[in-house]
């Protein structure tokens, strides 16, 4: 097992390097001039020759005139920076946000915290609804409840999340005024203690979590249902029932454990997804999360920020796929991951 | 099930109670469509987004020269005892500034002359660049460049003359300048707070210099001060920035009890301002439900009409406990079609005129602004003092290019657009004109006939940015308009990202060879003057070197236009508004004839505020941060 994990880690490094070069090259192919973008607000206050001098100076400082490979190696920390030091990803410098004028790591901290906080609630809520619902539907396949659930989940699966968000906003925020329409805290509120602040935050993220949960019900419910239907049709289930085992034991000990293998891929995927924000939800509800930050980075051509976020997601995905493979071995003894 | 329902209901009740607490107070909750970055440096030293700038101005106001309500730059009598400017024999200009006694910071500490001097001196120091600050004072202050380069140990043009007096000498090539009083605008920032106690600033009689100023010595303090939003922040403005919640991007400001007052000695009375993020898609519902109660500068006509509905909504007023009022003001700028005038059909004045005549600009402005806007006939906004001072003259002397397809055709015919693609007399389709090889250039819609004649088609390549509602309307009303086709003109819309559009407009070959080639002769953009400074110098330069560097994006080669724009600011003494206005009129008239751009619309902006706020008067240049100081809460 240890050898297998080491080998996979080696692959991860190689894939990461290839991916990072591809991503870096792609962003650098976009026809934009960061030096011009940086100086544009000052342009009117400068004389033409002053502007040109500063522009050329900035291009030099940013290393924009160097070949792509040199810039990539510099970003990775494998080539000397313009100030003569090695200061890249490998040295722990994940870049500098041109938009926020801060190190990317500092920029990401607060949105990452928010995204994880919101997604944990949403993931737990979704799983605690979809798994029992999927099992119940599979066990009562073809019954009225199952049919109704199929319709509702198909509806939830088909409607884009921004439509769901807008409908829920209208009903819960504008019509009934039960939940706040945006943000993460009540503006102007003075909290007596941190518990009150926490409750206010929960109040604000309640609707986004409900929308995210509603939007994800369809997929997982149907997935669990179909997996359980497959498992329930197996011979060992018939044998278990023939042995006179209780239906609950048959369903949860025999069928569910066997149905778990395909489901676990999705579940782990979801948990890994807690790091990734939702561009639509966060923008609609004005939440400061990773999705929104990523969107802003792209809109403002803040490529070091965007690259850092994407590289982080790449690592999460690569490590995640390793964890999923390992978990197969843990869940199903028939699977030998080191072979 | 009942238990769960009861629990949920209890939770909702608790949440609602919690949210109700905030609604009892009169807190001004300002929704901003620009996200606060959290960088609260003294000026646009690092970042410069609108929300940051507003917070910066609310929390810092101790400048020697400021803008008044009328949009004029004046000496701030609250801060400066005197500001005197003297032209020197070597062409430089020296401003001597004496500050008033008794000025204090938000924490009660006295403001010293050093606090006024250090930001300018810092801008002359290479250390500023090392810490990433975009400061260019060294280009303006005599001796600044030498200090920046390290060839001088003092800034000879910056002096501390005594405990209350300083002077700054402006380099010769920047004066005379119509707005040169702005050079004498220095603001006080606590040096102790921003640079730490290890740094001092001195003047031994030859000029100002720093002691102990190194990147290592100040980097940590500067970084902490930039992002600090708490009671420990030392500032001078009407409000103190006491909190910035990075997670929710919400800033809270409270009255600065030690504020010295604005230029009229006015101090604020609205106790608390919270600045929060507003989304374009949900701002209306957010205001309706009380998530924020102030929305500044609504530009879109449809949104303005929504705001009017909100103001008239009595039911919502009852539900919220307050209603809304609004302030309206003209946009200091305009949306436009911009031509590049050195190639293709738009190099010919008649074609530019014809485009203007083929577009019903009044209808366009009305549709786009939904009644909240109008049309201007030159490169100005109706909010500018020049436009107001010369209103009658503008009406009488400018061509308004009223919609007239027949006149457009007549202009084209007179200019020689009378051929078809084979060089025969024009009957229908796209018009052609016989041009010289130089005029033909490499424009895609030119052809060379067998007899060596060059024909240019009246086919205009238009670059428009994606997701742009102005482009959509232009496409319908102009490019695909029947009148355009009937006039023998074709306009091809090419949708691209804004950065790509800029590359083509600047002809920036560093981004790719294709951008260096003149390709699109028409763009749709907008111009805004967020301050009253109307300085068009270099915008119409004829210097080939500057043209190559992206100045004069219209590529219109007219020495008179260039001269007027340079003279307007560099040929007029500060304060000589009459001469300035005279040159401005000449410039506007020539521009109106040459028509390097077709102004499309100039909006009326609207800000919505709660009806418990009184005496709130916002104008184009007198923005929220200025106007709120005069506002009060209704009793």
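Assorted remarks:
- Among the residues of the stretch B:485-499, the one identified as touching a residue at least 12 places away in the same chain (Cβ under 8 Å), within 12 Å of chain A (Cβ to nearest Cβ) and assigned to a helix (DSSP H, G or I) is B:498.
- If you filter the stretch B:204-224 down to residues that are under 24 Å from residue B:52 (Cα atoms) and away from chain A (no Cβ under 14 Å), you find that the one that is surrounded by the most Cβ atoms within 10 Å (Cβ to Cβ) is B:218.
- In the stretch B:500-522, of all residues being away from chain A (no Cβ under 11 Å) and closer than 17 Å to residue B:466 by Cα, the one that is farthest from the chain's Cα centre (by Cα) corresponds to B:520.
- Failed item in (1) crowded, with 24+ Cβ neighbours inside 10 Å; (2) closer than 30 Å to residue B:374 by Cβ, with residue B:241 passing the rest: (2)
- Residue B:554 being surrounded by 18 or more Cβ atoms within 10 Å (Cβ to Cβ) and assigned to a loop (DSSP other than H, G, I, E, B): yes
- Sole residue being touching a residue at least 12 places away in the same chain (Cβ under 8 Å), closer than 26 Å to residue A:126 by Cβ, outside any helix (DSSP H, G or I) and out of contact with any strand residue (DSSP E or B) (no Cβ under 8 Å at 6 or more places or on another chain), chosen from A:269, A:277: A:277
- In the stretch B:574-597 there is at least one residue that is in contact with a strand residue (DSSP E or B) (Cβ under 7 Å, 6 or more places away or on another chain) and buried (at least 22 other Cβ atoms within 10 Å of the Cβ).
- Which listed residue, of A:134, A:215, is in contact (Cβ under 8 Å) with a residue 60 or more places away in the chain, touching a helix residue (DSSP H, G or I) at 6+ places or on another chain (Cβ under 6 Å) and part of a helix (DSSP H, G or I): A:134
- Cβ-Cβ under 7 Å pairs, at least 6 apart or on other chains, the stretch B:283-297 side more than 9 Å from chain A (Cβ to nearest Cβ), far side part of a loop (DSSP other than H, G, I, E, B) and surrounded by 24 or more Cβ atoms within 10 Å (Cβ to Cβ): B:287/B:293; B:295/B:278
- Verdict on residue B:525 being buried (at least 19 other Cβ atoms within 10 Å of the Cβ), within 27 Å of residue B:469 (Cβ to Cβ) and either away from chain A (no Cβ under 13 Å) or modelled with pLDDT of 90 or more (or both): yes
- Residue-level check: of (1) within 27 Å of the chain's Cα centre (by Cα); (2) within 18 Å of residue B:615 (Cα to Cα), residue B:283 misses just (2).
- The one condition in (1) part of a helix (DSSP H, G or I); (2) in contact with a strand residue (DSSP E or B) (Cβ under 9 Å, 6 or more places away or on another chain); (3) within 23 Å of residue A:208 (Cα to Cα) that residue A:294 fails to fulfil: (2)
- Meets criteria (touching a helix residue (DSSP H, G or I) at 6+ places or on another chain (Cβ under 9 Å), at pLDDT 85 or above and within 30 Å of residue A:95 (Cβ to Cβ)) for residue A:275: no
- Leading residue by the ranking (nearest to the other protein chains (Cβ to nearest Cβ)) among those in the stretch B:6-37 that are at pLDDT 85 or above and either loosely packed, with under 14 Cβ neighbours inside 10 Å or touching a helix residue (DSSP H, G or I) at 6+ places or on another chain (Cβ under 8 Å) (or both): B:37
- Taken over the stretch B:27-45, residues that are within 29 Å of residue B:632 (Cβ to Cβ) and without any contact (Cβ under 8 Å) to a residue 60 or more places away in the chain amount to 1.
- Boolean, residue A:92 is on the phi > 0 side of the Ramachandran plot, free of Cβ contacts under 8 Å to residues at least 12 places away in the same chain and within 14 Å of another protein chain (Cβ to nearest Cβ): no
- Within the stretch B:528-554, the residues that satisfy the criterion of being within 9 Å of chain A (Cβ to nearest Cβ) and over 28 Å from residue B:53 (Cα atoms) are B:541, B:543, B:545, B:546, B:549.
- Any hit, the stretch B:145-152, residues being out of contact with any helix residue (DSSP H, G or I) (no Cβ under 8 Å at 6 or more places or on another chain) and assigned by TED's automatic domain parsing to the domain that holds residue B:109: yes
- Residue that is more than 9 Å from chain B (Cβ to nearest Cβ) and either closer than 22 Å to residue A:298 by Cβ or without any contact (Cβ under 8 Å) to a residue 24 or more places away in the chain (or both), where the choices are A:112, A:53: A:112
- Any hit, the stretch B:117-128, residues being crowded, with 17+ Cβ neighbours inside 10 Å, outside any helix (DSSP H, G or I) and in contact (Cβ under 8 Å) with a residue 40 or more places away in the chain: yes
- Within the stretch A:184-198, considering residues that are part of a loop (DSSP other than H, G, I, E, B) and more than 7 Å from every other protein chain (Cβ to nearest Cβ), the one modelled with the lowest pLDDT: A:190
- Those strands (runs of 3 or more DSSP E) of the stretch B:400-461 in which 3 or more residues are surrounded by 14 or more Cβ atoms within 10 Å (Cβ to Cβ) and touching a residue at least 60 places away in the same chain (Cβ under 8 Å) are absent.
- For the stretch B:576-610, a tally of residues being in contact with a helix residue (DSSP H, G or I) (Cβ under 8 Å, 6 or more places away or on another chain) and under 18 Å from residue B:272 (Cα atoms) returns 1.
- Any hit, the stretch B:622-635, residues being within 25 Å of the chain's Cα centre (by Cα) and closer than 18 Å to residue B:373 by Cα: no
- Options A:221, A:284; residue that is within 14 Å of chain B (Cβ to nearest Cβ) and either touching a strand residue (DSSP E or B) at 6+ places or on another chain (Cβ under 6 Å) or crowded, with 19+ Cβ neighbours inside 10 Å (or both): A:284
- Going through (1) modelled with pLDDT under 95; (2) farther than 18 Å from residue B:348 by Cβ one by one, residue B:442 falls short only on (2).
- If you filter the stretch B:129-144 down to residues that are touching a residue at least 60 places away in the same chain (Cβ under 8 Å) and either touching a helix residue (DSSP H, G or I) at 6+ places or on another chain (Cβ under 7 Å) or under 18 Å from residue B:64 (Cβ atoms) (or both), you find that the one that is surrounded by the fewest Cβ atoms within 10 Å (Cβ to Cβ) is B:130.
The values are calculated or read from the model by the stated rules, or taken from the named source; none is laboratory data. For clarity, every value in this text was computed on a predicted model and none was experimentally measured. Cβ: placed from backbone, ideal geometry, glycine included. Neighbour counts: every protein chain shown.
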